[in-house]
Amino acid sequence: MTKAMTCSALPLRLGLTQWSHNHWIQSLYGKGCKNGDRLARYAEIFTTVEGNTTFYATPNMTTVKKWHDATPDHFRFTFKLPQTITHQQQLRHCDQAVADFLNTMHVLAPKTAIWKIQLPAQFGPDALPVLAKFLNKFPSHLTTGVEVRHPEFFTKGAAEQALNRLLIEKNSNRIIMDSRPLFSAQATTAAIIEAQRKKPRLPVHAIATANNPVIRFIGHPNDSHNDPFFNNWLQRIPLWLAEGKQPYLFIHSPDNNHAPESAMRLYRRLQQQVALTIPLVDLAQPQHLQQNQQIALL
């Protein structure tokens, strides 16, 4: 990415489910990279990240400030609301908890593109008024994304239509999980078994209810097996780009060991697909690989 590239100029944002992973020493960080420097190295390549840590525990303000300082101005986080709000209280009687969380995260608010509301499978159609009330109270200047897992929201019936109408009305993005590649894999490793146990197996409905459609692509452990599933996104994402939307694409894999390489390869496929209409910026090369190339030229 060039230094002149701004947040608004990015047609699409690409990221992973985390920024710190020991296996990425070779692919992203380089040997000798300290744990505290991993986010900065990650942000040299990717333009967004799923902030899943906030789902389990709210960080302290010192940590939040470090995250802010480690990333360039064009970088954007997405953070999940704490599970105490979304799963335990299920959006009820949580005004103070939301206020406390946002107060802790306020330093990062300018760099946070989407505040994610991941709802449990038991949060069904009858609870839509609760979601509507929650979105009404959520600060209007902050962008939200909602991920649902109740089966009735995936039947294209009245429940799903009501959900989509609500999200469109509230200008909230529906988060789309594509777990087809994951469930096409044979359960031959502990990582695959665990991922298939935890991730929902639901239909993929590619709908944009606001300006930042969010795709969570849960890949096959063999990256080449992802291509038939990603072909659908090679058709859908360009349509959103042509409409002026800015999609967020997150690439996962069962153990995430090779998620960076998979994300880069799939992004380049998309880049080739839209090259003649909406050019996507080239991904930067990891710093340590640049240095190795420079040494090789001497």
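With bins 5 Å wide starting at 0, give me the P(r) of the range 162-226 over every alpha carbon pair, in whole percents.
4, 18, 22, 18, 13, 11, 8, 5, 1
Compute the distance from the alpha-carbon center of the range 198-218 to that of the range 105-150, in whole Å.
About 15 Å separates the Cα centre of the range 198-218 from the one of the range 105-150.
Reachable aspartates and glutamates from Lys65, Cα under 18 Å, same-chain residues fewer than 8 places away excluded?
Straight-line reach from Lys65, under 18 Å: Asp37, Glu50, Asp73, Asp100.
No solvent, one uniform scatterer per C-alpha: report log10 I(q)/I(0) for the range 56-176 via the Debye equation at q = 0.11, 0.15, 0.19 1/Å, two decimals.
-0.38, -0.69, -1.04
So, taking all protein chains as they sit and a 1.4 Å probe, how much accessible area belongs to Thr47, in Å² rounded to tens?
Around 10 Å² of this residue is reachable by solvent.
In whole percent, how big is the carbon plus sulfur part of the accessible area of the chain, probe 1.4 Å, protein atoms only?
Whole-percent figure for carbon plus sulfur exposure: 52.
In whole Å, what are the extents of the chain along the principal axes defined by its C-alpha atoms, from largest to smallest?
Here the Cα extents, ordered largest to smallest, are 66, 43, 42 Å.
Report ³J(HN,Hα) in whole Hz for each residue of the range 87-100, in order, from the Karplus equation J = 6.51 cos²θ - 1.76 cosθ + 1.60 where θ = phi - 60°; Gly and Pro get x.
So the J values, rounded to whole Hz, are 9, 7, 8, 6, 6, 9, 6, 10, 4, 5, 5, 5, 4, 5.
Would you calculate a helix-derived [θ] at 222 nm for the chain, using -39,500 (n - 2.57) for each DSSP H run of n ≥ 4 and dividing by the full residue count, to the nearest 500?
Mean residue ellipticity at 222 nm (helix-derived): -11000 deg cm²/dmol.
Residue farthest toward the positive end of the dipole of the range 163-288, with Cβ of Lys/Arg at +1 and Asp/Glu at -1: which of Pro221, Leu163, Leu249?
Leu163
What trypsin sites (Lys or Arg not before Pro) does the range 94-175 have in DSSP loop regions with at most 11 other beta carbons within 10 Å?
Passing both the DSSP loop test and the Cβ count: Lys156.
For the range 106-172, what is the number of Lys pairs with C-alpha distance below 22 angstrom, counting only pairs 8 or more positions apart or on separate chains?
Lysine pairs, 8 or more places apart or on different chains, close enough: 8.
Skip the ligands, DNA and RNA, and give the accessible area per residue of the chain with a 1.4 Å probe, whole Å².
On a per-residue basis, the chain sits at 47 Å².
Given bins 10 angstrom wide, list per bin the percent of all Cα-Cα distances in the range 55-124, short to long.
Answer for the range 55-124: a P(r) of 20, 49, 24, 6 percent.
The values are calculated or read from the model by the stated rules, or taken from the named source; none is laboratory data. All values reported here derive from a predicted model rather than from experimental measurement. Cβ: placed from backbone, ideal geometry, glycine included. Neighbour counts: every protein chain shown. Remember, those area values only see protein heavy atoms, side chains included, never the ligands or the DNA or RNA. Shrake-Rupley method; radii C 1.70, N 1.55, O 1.52, S 1.80 Å.
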